[in-house]
1. Filter the stretch 288-312 for residues that are away from the ligand (no atom under 16 Å from the Cβ), closer than 16 Å to Leu370 by Cα and either touching a Phe, Trp or Tyr at 6+ places or on another chain (Cβ under 9 Å) or outside the structural domain of Leu419 (by TED's automatic domain parsing) (or both) and give the result.
2. Give the residues of the stretch 56-69 that are surrounded by fewer than 24 Cβ atoms within 10 Å (Cβ to Cβ) and part of a helix (DSSP H, G or I), sorted by residue number.
3. Please go through the stretch 209-256 and pick out each residue that is within 16 Å of the ligand (Cβ to nearest atom), more than 18 Å from the chain's Cα centre (by Cα) and in contact (Cβ under 8 Å) with a residue 60 or more places away in the chain.
4. Keeping to the stretch 118-142, report how many residues are within 16 Å of the ligand (Cβ to nearest atom) and assigned to a loop (DSSP other than H, G, I, E, B).
5. Looking for whichever is assigned by TED's automatic domain parsing to the domain that holds Ser425 and modelled with pLDDT of 95 or more here; the options are Gly84, Gly33. Which one fits?
6. In the stretch 104-130, how many residues are closer than 25 Å to Gln82 by Cβ and surrounded by 22 or more Cβ atoms within 10 Å (Cβ to Cβ)?
7. Out of curiosity, is Ala386 assigned to a loop (DSSP other than H, G, I, E, B) and either of a type in the set (A, V, I, L, M) or within 16 Å of the ligand (Cβ to nearest atom) (or both)?
Amino acid sequence: MTPKTPNRMLRVNEAGHLVVGGCDVVELAEKHGTPLYLYDEAEIRRRCRDYLSEFGTRFPQVEIAYASKAALTMGIARLMDQEGMALDVASAGELYTALQANFPAERIKMHGNYKSDLELRMALEAKVGRVVCDSLTELEQLDEAARKMGTVAEILIRVRPGIDTHTHELIQTGQVDSKFGVGIFGGEAHEAIELALKCEGLHLRGLHCHIGSQLLETDAFERTVDQMVEFLALVRDDLGFECEDLDIGGGLGIRYTEKDEPPTVADLAEAICPRLLRALKNHDLSVPRLILEPGRSIVGEAGVTLYTIGVIKDIPSLRTYVSVDGGLSDNPRPALYDAVYEAVVANRVEEHAACEWVRVAGKHCETDTLIDDTCIGHCEPGDLLAVFATGAYNYAMASNYNRFTRPAVVLCCDGQDELLVERESLADLISHDRIPKHLAAKEAAEDCKQQG
Ligand code: LLP
């Protein structure tokens, strides 16, 4: 059964329960507890294949690097490897996770606007495919580290193309006023390429840019392509630099609510590939490998968060508050980016036609609204609430605020469910706590005094 609710097409079984990856979510909640992050494995795989085929059929050489910041566990790294994806990592932790999952190092790209010495060393030791250098300082640092290790770092330079995008201010990254990359305007990018070409410890393979996230139109990507090709022509003429890799980042938006109409991957490929090929030809430039780094559009809509509804409070002639057993700690996005989500009462989806407007609140000690004003089916304490499109930057940004334990993450496929991440326990919460010696000593001294 696939009823059309006011929100979206849903998979629902005869019992009226929401189904994710063939699994009945009521059973999943009983087995794993709530809050619970769920992923539909087939959906993730479908999206990887979509990128590989839509871009692969429109451009001679393509690499799709999953931006692991959106959601990374060792299991997800394995899945990406199986799908033939490359991987973008942006910290020692993401790199470590990928390597521990045996993700092939040559398909890893190491990002970061401030990579520590440890991170640069880890990247060199692992022989990652590309280090994406973000500043002149980093070029010098990496050159020195590579020479000391008797190796040569394969690099891209991240440039700031000066493109404004229509998205939340916090997730714009390619505009002139941004901490990322070296600016095309002002000549810093030119200088960085000149420097990299001279460094014996560096092998400059190409350029990178990433203009922003949750982009719902293709026009900014088109402007980026134009800008990058013009710059490539300039540095080819000035410095003789031939670009082998052109990485234009990620950023494709997803459908959080029925109002969002993101371009499809095919729309994106159609906007980028013919335009890029044409522009390269016009400037008589050779055709580089095209790299994309999607994160959100791979895992976002494949994820659902399941909560148990607790207290329901009706404030007469104002609104109804429905509290769930999670909130800010498992999904900080509404608080950070005014993100809007949709939800259904997951244990009786068929009743959704009779919907009630409510505010979904978390259970943290502050106003952690999860969904401000949403229409869900009639609910009672003990019902399950499923919030959609939570696969990107939710588990990844989860915290232990209020000493909440982070939820388990479950991968669902063909009716089978398996853990990607175990639920944290209360013992995990204190496992890194230490009681400073002088505090323990003071108590011991007071005990002595009392006894003596
Ligand atoms: N490549 C680079 C260099 C990036 O910085 C990012 C995201 C991506 C790729 C992937 O972008 P995506 O395809 O996922 O849009 N926490 C924010 C999103 C921050 C994105 C940071 N960079 C959120 O929850 O919306």
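1. Val304, Leu306, Val311, Ile312
2. First, the residues of the stretch 56-69 that are surrounded by fewer than 24 Cβ atoms within 10 Å (Cβ to Cβ): 56-63, 69.
Passing the criteria: Gly56, Lys69.
3. Result: Thr224, Met228, Asp245.
4. Total satisfying the criteria: 4.
5. Details: Gly84 fails: assigned by TED's automatic domain parsing to the domain that holds Ser425.
That would be Gly33, the only listed residue that is assigned by TED's automatic domain parsing to the domain that holds Ser425 and modelled with pLDDT of 95 or more.
6. Count: 7.
7. Details: assigned to a loop (DSSP other than H, G, I, E, B): no; either of a type in the set (A, V, I, L, M) or within 16 Å of the ligand (Cβ to nearest atom) (or both): yes.
No, not satisfied.
Residues are listed down the side, and each one gets a yes or a no for (1) more than 16 Å from the ligand (Cβ to nearest atom); (2) within 23 Å of Gly212 (Cα to Cα):
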| residue | (1), (2) |
| --- | --- |
| His17 | yes, no |
| Val20 | yes, no |
| Tyr39 | no, no |
| Arg47 | no, yes |
| Tyr66 | no, yes |
| Gly84 | yes, no |
| Leu87 | no, yes |
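The values are calculated or read from the model by the stated rules, or taken from the named source; none is laboratory data. Predicted model, so just to flag it, every value in this text is computed and none were measured. Note that we place each Cβ from the backbone using ideal geometry, even for glycine, and neighbour counts take in every protein chain shown.
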